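Structure first, then comments.
The values are calculated or read from the model by the stated rules, or taken from the named source; none is laboratory data. Everything numeric here is computed off the predicted structure, so don't read it as measured data. Backbone-built Cβ (ideal geometry, glycine too); neighbour counts: all protein chains shown.
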Amino acid sequence: MRPYGMGVLAVVVAGGLSAGCGGGTTSSGGFEVAITGEELQNVGTLCAVKGNATNAGNVTAQVDLTYEARNATGGTIGTSTASFQVAGFSNFEFSNAKGNNLGQPSSTVFTNNLSCSGISSFKRTRTDIKKA
């Protein structure tokens, strides 16, 4: 007979990963980052993604995300990336207007000079979260 708690833990972890979370442990603690509130952001005539990253652990995490812009038929028409660090027990609001730890925009504009009005939808295609 399997202990009740183990089955629940597996469901929570699997559900969290599909929702845009990532985490890990180190000898000095752990990190668990959730990505939420993703939306398109006008950058002049161009477009980027903005959102929130919340770290529930005590270790700073490096977050790298990739997004695809889609047209009305679902075809990929451009890509954008976001790259930043989230300190332990904190929130980072990433956007093209907010710099990352390297002094660059924490979210890049979509390739192909896309405007937000030219994007029907967007999708995060890569979530890489590791110890900074």
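Structure summary
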read-out	value
Tally of residues being surrounded by 20 or more Cβ atoms within 10 Å (Cβ to Cβ) and modelled with pLDDT under 95 across the range 30-54	1
Cβ pairs under 9 Å, 6+ apart, first in the range 103-132 and more than 15 Å from Thr79 (Cβ to Cβ), second buried (at least 16 other Cβ atoms within 10 Å of the Cβ) and among the acidic types (Asp, Glu)	Ile129/Glu32
Tally of residues being on the phi > 0 side of the Ramachandran plot and polar (S, T, N, Q) across the range 99-132	2
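Here is a yes/no grid of residues against (1) more than 18 Å from Phe110 (Cα to Cα); (2) at pLDDT 95 or above; (3) touching a Lys or Arg at 6+ places or on another chain (Cβ under 8 Å); (4) not acidic (Asp, Glu):
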residue: Ala56; (1), (2), (3), (4): yes, yes, no, yes
residue: Gln62; (1), (2), (3), (4): yes, yes, yes, yes
residue: Thr66; (1), (2), (3), (4): no, yes, yes, yes
residue: Arg70; (1), (2), (3), (4): no, yes, yes, yes
residue: Gly75; (1), (2), (3), (4): no, yes, no, yes
residue: Thr79; (1), (2), (3), (4): no, yes, no, yes
residue: Ala82; (1), (2), (3), (4): no, yes, no, yes
residue: Ser90; (1), (2), (3), (4): yes, yes, no, yes
residue: Phe94; (1), (2), (3), (4): no, yes, yes, yes
